[in-house]
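Here's the structure we're looking at; comments come further down.
The values are calculated or read from the model by the stated rules, or taken from the named source; none is laboratory data. For clarity, every value in this text was computed on a predicted model and none was experimentally measured. No Cβ is skipped: glycine too gets one built from the backbone with ideal geometry, and neighbour counts run over all protein chains shown. Just so you know, the surface numbers come from the protein's heavy atoms only, side chains and all, with ligands and any DNA or RNA stripped out. Shrake-Rupley method; radii C 1.70, N 1.55, O 1.52, S 1.80 Å.
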Amino acid sequence: MKARYQFRFYPTDQQQQSLAQLFGCVRVVWNDALAICKQTEKLPSNNDLQKLVITQAKKTLDRSWLSDVSNIPLQQSVADLGVAYKNFFDSLKGKRKGKKVGTPKFKKKTGRQSARFRIGGFSIKGDEVYLAKIGNVKPVWSRQLPSAPTSVTVIKDCANRYFLSFVVEIEPIHIDAKNQSIGIDLGIKTFAVMSNSETAVSPNYSKKDRKIRKLQRKLARQQKGSLRREISRLKIAKQHNRIADTRKDFLHKLSTKIVSENQTIVLEDLNVSGMVKNRKLARVISLQGWREFRVLCEAKSEKLNRDFRVINRWEPTSQTCSCCGYRWGKIDLSVRSVLCLNCNIEHDRDENASRNIEMVGMGHRHDLKRTGSDCQTTSVASCCEPSRITAL
Ligand SMILES: [Zn+2]
């Protein structure tokens, strides 16, 4: 399986300029190729597209600067567009699992920029990485690469941070788990309540989030295109990054712990997009990162040879006693603990739910069903760890 390893790096001023030029060329090639694809009825082949937007374009006056950068990321840009189209068509035909994929979009000058180098366009020598026509850069190696990478993507995010993201092939690891299975109930107050009575409280994002909202109100009043507005935009991007980094760190640590300790991991399939429509809850839920957590658990389960299961969200996991199976029916969200009238045991609401989730997932409850394996989260190479908790 493939995994991504990401490291931060700090380019010199000269390299920043070369990278800006490269990002620009990659973007133009992508946009030119996409414009051609949108005009033609049948998609041109990868080779034909490359000839049109790279080889022939270089001979024209207004695209001659394409020759100033390495050809490899340009070819990759066209190839990536082909993949984007394939994903879109597969998704349309239902051949692709997971979220629906939209049509490829034009790339913008503002925001995140990237360029991808295949073998031949980059090499690793000692602790330096050579990028064609950019030079040597020295990433912050927070951990070792498990094998030689097949490609590297240079990323500049919207807070102007630079990263190298390597794609490497990894083998699943076979280490026995301490416990057989675990059920996890995800919530807002407590991020996760587990069937073994453990809980995980998520970091408090509200202070940082308030700061963002304040900055956004300021941004809205500032004139478009002004320097002050750009400064505000950058501040907001940095603040968003801080929240994202904190969350990523928390979710990675929690998912690693859960997946390494348990052979079978059972989650509930949450209708996040439906819940996000509730405006009051939307912001809090988006900050939690439930989906991110599920994607991480799933990817790490594959890596460690674990069994990852998702049960149907319509299962009445909070309406049934996890001890005797007695069904007490719907209870209000404010009710935190329930006394079962049948077996006289008092349950914590979330803990009871997580036990039910585990039982349904393990097939121990035949009155409640497990959803088929068709509801998988698809995410490519998502088991990258936060190897970039570096100061801004
Ligand atoms: Zn009971």
Excluding residues fewer than 8 positions from LYS42 in its own chain, the lysines with Cα under 23 Å of it are LYS51, LYS86, LYS93, LYS95, LYS100, LYS105, LYS107
Scalar couplings 3J(HN,Hα) for segment 47-62 by Karplus 6.51 cos²θ - 1.76 cosθ + 1.60 (θ = phi - 60°), nearest whole Hz, x for Gly and Pro, are 4, 4, 4, 4, 4, 5, 8, 10, 4, 6, 4, 4, 7, 8, 5, 8
Between LEU145 and ILE175, the two model label points (7 Å from Cα along the beta-carbon direction) sit apart by a distance in nm of 2.4
For the pair ARG118 and LEU341, the simple spin-label estimate (label points 7 Å beyond Cα toward Cβ) gives in nm 6.9
The value for the chain (convex hull of the alpha-carbon atoms, volume per residue, Å³) is 172
Checked segment 1-149 against the a/c 1.5 cut and the a/b vs b/c comparison, axes a ≥ b ≥ c from its Cα gyration tensor; verdict oblate
Measuring from its Cα centre, the chain shows a charge dipole (+1 at each Lys and Arg Cβ, -1 at each Asp and Glu Cβ) which, in debye to the nearest 20, is 2240
Bounding extents of segment 179-304 in its principal axis frame from Cα atoms, largest first in Å, are 58, 29, 21
Between ARG96 and HIS364, the two model label points (7 Å from Cα along the beta-carbon direction) sit apart by a distance in nm of 3.9
Taking Cα atoms only, helix 349-362 is inclined relative to the longest principal axis of the chain by an angle, in degrees rounded to 10, of 80
Hits in segment 105-123: amide N under 20 Å from the 7 Å Cα→Cβ extension of LEU219, namely 107-114
Out of ALA20, LEU219, PRO203 - ranked by how far each Cα lies towards the positive end of the dipole of the chain, with unit charges on the beta-carbon of charged residues - the top one is LEU219
The alpha-carbon pair-distance distribution computed for segment 117-219, with 5 angstrom bins and whole-percent values, is 2, 8, 12, 12, 9, 10, 13, 15, 13, 5, 1, 0
Rounded to the nearest 5, the percent of DSSP beta bridges in the chain running antiparallel is 75
As straight-line cross-link partners of LYS330, the qualifying lysines (C-alpha separation under 27 Å, not fewer than 8 residues apart within one chain) are LYS189, LYS277, LYS280, LYS369
SASA check, GLU358, accessible area w/ 1.4 Å probe, all protein chains in place, rounded to nearest 10 Å², comes out at 40
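What percent antiparallel are the DSSP beta bridges of segment 102-183, to the nearest 5?
Values: 19 of 20 bridges.
In segment 102-183, DSSP labels about 95 percent of beta bridges as antiparallel.
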